[in-house]
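In what follows, a structure is listed as structure tokens, so that the remarks can point back to it.
Just so you know, all these numbers are worked out from the coordinates, no wet-lab data involved. The structure displayed is predicted, hence computed values, not measured ones. Quick reminder, even Gly has a Cβ in these numbers, built from the backbone with ideal geometry, and neighbours come from all protein chains shown.
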Amino acid sequence: MPSTTTSTAARKTTARRASSKTPDAIALLRADHKKVSELFDQFEKARSTSRKRDLVAQICLELTVHAQIEEEILYPEVQAALKDKELVPEARVEHQSIKDLIAAVRDVEPGGEDYDAKVTVMGEWVKHHVKEEQNEMFPKAKQSRLDLVEMGERLRQRKEELMAEQQRH
Ligand SMILES: [Fe+2]
Ligand SMILES: [Fe+2]
């Protein structure tokens, strides 16, 4: 069956090529987590209103796009591959809580009552959520039949589209 051999080899070459320029799904999402965690750390040290405003705008943008690519691509595919009834539903509920806090601080001037508290609590929820993804969901996804290199490429493309869309608003 020479044709099967060729197509398998071709697929492997494509995957190698994709992996040399694109991080796999887990690496891409972990990089997002790290970036947001650093933004929250910077917020805790920030003193001026303009710096806080700028950091919160970045945090909201990053989290909104990150949550959306996970919900559109990662979560349904992990749920199907793992036949999961717990990790993904809980992650979705956690996203909703985080989005409620995003709505409460996005486009709101810093300095108002509970503003800093809302951002701090958002950071704590994100930290908890990230821990569950990285310690539970991602290791299980790695052991599954999912092609994480190919998924990484789709996540990257969708992220690019959404970033451009968000920044136009
Ligand atoms: Fe998430
Ligand atoms: Fe995440």
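Relative to the longest principal Cα axis of the chain, at what angle does helix 115-132 sit, 0 to 90 degrees, rounded to 10? On a 0 to 90 degree scale, this one is about 20. Here the chain is scanned for trypsin sites (Lys or Arg not before Pro) in DSSP loops (not H, G, I, E, B) that have at most 12 other Cβ atoms within 10 Å, and the longest stretch holding none of them is 86-144. Across the range 25-103, C-alpha contacts under 8 Å between residues 6 or more apart give a mean separation that, scaled by the residue count, equals a relative contact order of 24 percent. Let me check against my output: what whole-number percent is the relative contact order of the range 25-168, with C-alpha pairs under 8 Å and at least 6 apart? Relative contact order comes out at 39 percent.
Counting other C-beta atoms within 10 Å, which of E160, E133 has the fewest, and how do the rest follow? Lowest to highest Cβ neighbour count: E160, E133.
Qualifying GluC sites (Glu not before Pro) in the range 65-104, where qualification requires a DSSP coil assignment and no more than 14 other C-beta atoms within 10 Å, comprise E86.
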